[in-house]
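What follows is a set of notes on a single structure, which appears directly below.
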Amino acid sequence: MHVQIHISMKRKSFLALGTGLFTAASLKSANEKILDAQFNDVTSAGSYQEFDWKTLRTLFPLNNDRIFLNNGTMGITPYPVLKAVQNSFEKIAETAEYPHHSDTLEKILGEIIGADAKEIGITKNVSEGINHICWGLDLKRGDEVILTEHEHVGGCLAWLHRAKIDGIVIKTFPLGKTADETLNHLNAAITKKTRAIAVPHIPCTIGQILPVKEICDLARSKNIISCIDGAHPLGMIQFNVKDIGCDYYAGCFHKWALGPIGSGWLYISQQRMKETKIFHVAAYSANEFNMRSNPPSMGPILDQASRYSYGTFCGPLHIGATKALEFYQKIGPSRIEARVKFLASKLQNSLLELGDKIEMLTPTEERSRGAQIGFRIKQSKKDNPNIGFVNHARSNQMILRHVAENGLDNIRISTHYYNTEEEIEQCVSLLKTYAFG
Ligand SMILES: Cc1ncc(COP(=O)(O)O)c(C=O)c1O
């Protein structure tokens, strides 16, 4: 059966993958070079309209009978990434070579987001990065930090916890229907005591893109620190942290970048590095220590973000994340952005055609719309139709997200490039029969 993967006719191999022959068992013996060759074949050329997304989909193990519209929670991993992770685990087991930290992943990520590798630390998830940021700021009792009303637990809990422990004050503002409206709401929440603004680039609730560049400009003009929760943008939209001008940005590889689960990153601008406090340190945080000197001593904590990637880490996940970024770059960031936004706008337009039967929460403004659409069902005879539809969809092998957080009670649908126009049509049609049929 594994012979299927070694067939040199690339197209044929794709068909083998597509028919499910490329199972977990065959992943073990898959030749990474052949996977790469197949991948190069499919990423040849063309605008996002001409690109062969359907064939690319065969490089994902996701069962063909599953419609996965919840990439906002977790990205699905393609075979080349899985293979890279697996190879790396095997190599460690076979050679007993310890996975020393290198800055390969930081460098490739740095190229994508416009940061120096020294400004990037590798974490296990966004929440960890946000904790480093929150506890690293020099805040005292009564200092105010502004967040949105649309936070994910990972985006706000560190701040709420610090409010309890240190007496900082958390203020919130609502999101607007346009970028300008959002900025006005934020502006109104700023006071003389505001020390930091900590907002998502793209909130998990309704997926609108916040005007982070303007937010950071505003913060800087008032001497306020800017912290961005970047759980979603990497792999969905293109952005540059220097252009945004943020002080801190916490992201991950395991959502839109389709990297291995449990892999994240943290950007701290070089200007903020020295003044940022760090409490958890170990290997890679400082170059020297001596427990036999009197008194025992250590060298200075490094002024680079590798200090956050301390101790033994999961080397295979770093290798998988590197592969995921290569995969992303090969397909083409602008092509991906165009594709995911196109699918989301198609979905939004189909939902808007339902008129008053739904309440559209994601802005229709182009610059504010990414690849996630949030809405509520109205005028349905069903009780609790939003959670009801998400459960109904799941029983039909379609995975969506119900947003219960902050009492929002809405449905969120994520559209990644591996999704198809047909899947979106099926989703809207299922919604119509469920809620209004
Ligand atoms: C906006 C936002 N922030 C933070 C998080 C937490 O991310 P992680 O699970 O990687 O810690 C998520 C996860 O969905 C999120 O959507």
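Bear in mind these aren't lab numbers, they're just calculated from the coordinates by the rules spelled out. All values derive from a computational prediction rather than experimental measurement. FYI the Cβ positions are ideal-geometry reconstructions off the backbone, even for glycines, and counts take in every protein chain you see.
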Worksheet item: Taking K and R as +1 and D and E as -1, what net charge do the other residues with C-beta under 9 Å from the C-beta of N406 add up to?
Response: -3
Worksheet entry | ³J(HN,Hα) computed for each position of the stretch 289-305 - Karplus, 6.51 cos²θ - 1.76 cosθ + 1.60, integer Hz, glycine/proline x | 7, 8, 8, 10, 7, 10, x, x, 9, 9, x, x, 5, 5, 8, 8, 5
Response to the item:
By the C-alpha gyration tensor axes a ≥ b ≥ c (rounded if a/c is under 1.5, else prolate when a/b exceeds b/c, else oblate), the shape of the stretch 104-327 is oblate
Response to the item:
Using alpha-carbon positions, the gyration tensor of the stretch 334-436 gives root eigenvalues a ≥ b ≥ c; with a/c under 1.5 called rounded, otherwise prolate if a/b exceeds b/c, else oblate, the class is prolate
Practice prompt. Evaluate the relative contact order of the chain (contact order divided by residue number), counting alpha-carbon pairs under 8 angstrom at least 6 apart; express in whole percent.
Written response: 19 percent
Worksheet item: Sorted from fewest to most neighbouring beta carbons within 10 Å, what does the list K274, K91 look like?
Response: K274, K91
Discussion item. Can you compute the FRET efficiency between N406 and S293 using 1/(1 + (r/R0)^6), with r the Cβ-Cβ distance and R0 = 51 Å? Round to the nearest 0.05.
Written reply: 0.45
Fill in: Tensor-based shape of the stretch 111-236 (alpha-carbon gyration tensor, a/c under 1.5 rounded, otherwise prolate or oblate)
rounded
Fill in: Amide H within-cut-off set for L175, under 5 Å, with H built and near neighbours excluded
E149
Worksheet item: Simple spin-label model, 7 Å along Cα-to-Cβ: I170 to K432 in nm?
Response: 4.2 nm
Worksheet entry | Potential lengthening between K242 and T178 on full extension [0.36 nm per residue; Cα-Cα distance subtracted] | 20.7 nm
Item to complete: Report the FRET efficiency, 1/(1 + (r/R0)^6), for A93 and T191, where r is their Cβ-Cβ distance and R0 is 60 Å, rounded to 0.05.
Response: 0.60
Worksheet item: What residues qualify as long-range amide H neighbours of A286, i.e. H under 5 Å apart, gap of 5 or more or another chain, H built at 1.01 Å from N?
Response: L302
Fill in: Where a label projected 7 Å from the Cα of A338 along Cα→Cβ would reach, residues of the stretch 386-430 with amide N under 15 Å
417
Practice prompt. Figure the gain on full extension for D116 and D103 (residue separation times 0.36 nm, minus the Cα-Cα span) and round it to one decimal in nm.
Written response: 3.6 nm
Practice prompt. Send over the Kirkwood Rh of the chain, from the inverse of the averaged 1/r over different Cα pairs, rounded to one decimal Å.
Written response: 23.1 Å
Worksheet item: Given springs between every Cα pair under 10 Å in a Gaussian network model of the chain, which of D103, D229, D356 has the largest fluctuation?
Response: D356
Response to the item:
Which of S263, S127, S380 fluctuates most in a GNM of the chain (C-alpha springs under 10 Å)? That residue is S380
Fill in: Span from the the stretch 389-405 Cα centroid across to the the stretch 181-229 one, whole angstrom
31 Å
